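Written out below as structure tokens is the structure these notes cover.
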């Protein structure tokens, strides 16, 4: 039920507040995490899922001059080996929107968020002091806490930029909040999966 699912998701996401690009400090790069495309026949650049805000947020930040380059990750899950790595499709979409190829960088193929963090470090290199560069990290709000920890662990100085909020602050409580809904079950599962992810990496010693 939404009365249960929404508080769990809100706990994972934190406050539902999109930060204006004007309030974001400049960085060496904007990194946009994969997870927003479905690849279907007849759609050569894929079709968006509900995480499209990751792409739009990254493009918005770049056009606001917050970094000289934007990085897309070549996300490719092991059980879809025939799919084109997502970052390659996102790069083509970015060029259509006016970005130059010189401003776009792609990581090597990655299968999860931990891979994305290490691949980004390999791509961007490190500063003279041995630390990772300053980045603006763009991903869904529910995914940010885990992603932030992994990218900081990889040595980056991270400015988080949350998008794709699943719960807002304006909804009023109605009788519908007490009725079972498939979307509420999915929201609970997504939030709990993130909590399990935190625990997993904590046990592994990442955090």
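Quick notes
- Selection within the stretch 54-83 - in a helix (DSSP H, G or I) and in contact with a strand residue (DSSP E or B) (Cβ under 7 Å, 6 or more places away or on another chain): 54, 55, 57, 58, 61, 62
- Every test in (1) surrounded by 21 or more Cβ atoms within 10 Å (Cβ to Cβ); (2) without any contact (Cβ under 8 Å) to a residue 24 or more places away in the chain is passed by residue 9 save one, and that test is (2).
- Residue 32 being within 23 Å of residue 156 (Cα to Cα), touching a strand residue (DSSP E or B) at 6+ places or on another chain (Cβ under 8 Å) and either touching a residue at least 60 places away in the same chain (Cβ under 8 Å) or loosely packed, with under 14 Cβ neighbours inside 10 Å (or both): yes
- No other residue among 57, 75 is assigned by TED's automatic domain parsing to the domain that holds residue 119, touching a helix residue (DSSP H, G or I) at 6+ places or on another chain (Cβ under 8 Å), within 26 Å of residue 167 (Cβ to Cβ) and crowded, with 22+ Cβ neighbours inside 10 Å apart from 75.
The values are calculated or read from the model by the stated rules, or taken from the named source; none is laboratory data. The shown structure was predicted, so the numbers you read here are calculated from the model rather than taken from an experiment. Please note: Cβ atoms are built from the backbone with ideal geometry, for glycine as well, and neighbour counts cover all protein chains shown.
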